[in-house]
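One structure is given below, encoded as structure tokens.
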Amino acid sequence: MKWKKVLLILLISLFIVVSISFPYDLLIKYSENMVVTHAELQDILQGNLFIKPYIASVSASSAEDEFNEYVIKYRLFNLFNICHLKVNVVEPDRYFAGGNALGISLQSKGVILIGGNYIVTTDGVARPFEDSGLLSGDIITHMDGVEISSVDDISDILESYTGGDIHLDVKRGGEIISLSITPAYDIMTRSYRLGLWVKEDSVGIGTLTFINATTRRFGSLGHSINDADTNECVEVSGGNIYQGKILGVKKGKSGSAGELLGTFSRDTVLGSIDKNCEFGVYGYVDDPTVFTVSKKSLELGGRLTARPGKAQIYSCIDGENVETFDIEIIKTNFQQSCNEKSMVIRVIDSDLISRTGGIVQGMSGSPIIQDGKLIGAVTHVFVNDATKGFGIYIDWMVNE
């Protein structure tokens with residue numbers, strides 16, 4: 001019986017030693033499938049006397065990916081595998097911070113209904129819009145099975161119209177519903193019309209956050225572009241970016257967010273857009289050097305390195321020039337899942353405050369740099385204090 005007690009004591013002691021030495025902090029700090037740099041990978045691979053981590057496999061990235069997938073396994077006494085962690089490792093020198101003003105044009109999937117009017121016919125006034133069950137904010141994606149992406153698509157269908165109802169597929173509140181509408185013959189234009197007011201694209205000014213110099217993929221804004229009438233994220237079928245130019249600033253003040261006043265010309269397309277989501281607008285630039293002249297590539301930081309303290313943002317608030325401004329990170333939030341309000345920031349740069357009042361609309365997407373690393377982007381301003389706002393960790397943006 002004595003040897004059993006000794007064995008029990010040894011097992012308990014071993015359990016205590018292993019429990020104390022197990023790198024729980026790493027498993028909390030690094031979550032499954034998160035994006036890390038090579039420097040952070042070395043942190044993950046730090047073991048101790050009892051627990052030995054090692055790289056079990058590496059999956060090479062495809063042409064579209066921006067990282068390689070590493071599987072890290074933890075081995076007890078270098079004999080038994082006890083757990084594993086899968087992370088996506090990016091090259092530390094492949095990203096350029098932006099700050100450039102972008103002209104953005106989004107082509108929505110479908111046309112957005114913003115209203116309707118009546119049509120004068122030989123039999124009186126017809127109101128196809130009111131009789132169809134359509135509502136302002138609906139997105140018409142198909143007519144009689146034909147995909148709709150522009151006003152011209154609707155015109156083509158009406159030109160070949162021979163009678164009866166036209167069946168519609170409509171996106172409303174994230175759901176697809178089926179409706180029908182009957183065109184009316186307009187005696188003024190001598191053509192069939194639906195009496196619908198629609199728009200097919202959304203345009204505006206935003207800020208470039210980063211460019212992957214290898215893949216040419218860019219990210220911007222740090223939040224989605226929403227339709228002004230419905231406040232829903234615009235689902236895009238494509239779009240383009242252009243050189244933006246800031247003409248002036250409407251200063252922010254307590255209770256009212258300021259705004260950058262800018263413009264852009266569609267004469268020269270600088271890149272294409274393929275995604276609009278809660279973390280920004282994404283696509284590919286045609287020539288990265290247009291945006292990266294005199295810039296150095298930066299290592300990615302993100303939620304693993306961001307900390308309260310001094311930092312900088314790159315932003316364009318006058319013309320086409322990107323300037324550097326000082327900010328302070330007040331708070332960093334621990335996040336295991338994506339959220340566009342990752343940290344609270346405050347502008348401490350007297351020059352920026354005097355010119356804009358702090359953070360204003362249009363600066364969303366301005367990259368946040370701390371200790372020489374790209375760690376995030378500006379996303380929102382506090383309406384009651386224009387010097388304060390939210391930022392998103394770059395982790396969440398580069399994953400898109």
Check: Taking +1 at the Cβ of each Lys and Arg and -1 at the Cβ of each Asp and Glu, which of Asn68, Leu85, Ile345 sits farthest along the dipole of the chain towards its positive end, judged by Cα position relative to the Cα centre?
Finding: Leu85
Item checked: Dipole magnitude of segment 118-194 about its Cα centre (Cβ charges: Lys, Arg +1; Asp, Glu -1), debye to nearest 20 -> 220
Next item on the list: Could you work out the relative contact order of segment 118-194, using alpha carbon pairs under 8 angstrom and six or more residues apart, expressed as a whole percent?
Entry: 35
Notebook entry, point to check: Measuring from a point 7 Å past the Cα of Val203 along Cα-to-C-beta, which residues in segment 87-117 have an amide N at less than 16 Å?
Noted result: 102-108
Next item on the list: Please order Phe334, Phe129, Phe218 by the number of other Cβ within 10 Å, starting at the fewest.
Entry: Phe334, Phe129, Phe218
Next item on the list: Return the sequence-ordered ³J(HN,Hα) values of segment 281-295 in whole Hz as given by the Karplus equation 6.51 cos²θ - 1.76 cosθ + 1.60 applied to θ = phi - 60°, using x for Gly and Pro.
Entry: 10, 10, x, 10, 7, 6, 9, x, 5, 4, 9, 10, 4, 6, 10
Checklist line | Residues Val111, Val344, Val293, sorted so that the one with the fewest Cβ neighbours within 10 Å comes first | finding: Val293, Val344, Val111
Next item on the list: Could you give the size of the charge dipole of the chain about its Cα centre, using +1 on the Cβ of each K and R and -1 on the Cβ of each D and E, expressed in debye and rounded to the nearest 20?
Entry: 2500
Check: Counting only residues 5 or more places away or on other chains, whose amide H sits under 5 Å from the amide H of Leu102 once H atoms are built in the peptide plane?
Finding: Gly206, Thr207, Leu208, Gly244
Check: So how far, in whole Å, is the C-alpha centre of segment 148-222 from the one of segment 330-347?
Finding: 36
Next item on the list: Would you mind classifying segment 230-325 by shape? Square roots of the alpha carbon gyration tensor eigenvalues, ordered a ≥ b ≥ c; an a/c under 1.5 is rounded, otherwise it is prolate if a/b is larger than b/c and oblate if not.
Entry: rounded
Margin query: Just want to confirm a number: the relative contact order over the chain, from Cα pairs under 8 angstrom separated by 6+ residues, in percent.
Written below: 16
Notebook entry, point to check: Along the charge dipole of the chain, Cβ charges K/R +1 and D/E -1, which of Pro183, Asn333, Val398 sits furthest on the positive end?
Noted result: Asn333
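Each reported figure results from applying straightforward, stated rules to the coordinates on display, with no laboratory input. All of these numbers come straight from a predicted model, not from anything done at the bench. Here Cβ is always computed from backbone atoms with ideal geometry, including for glycine, and neighbour counts include all displayed protein chains.
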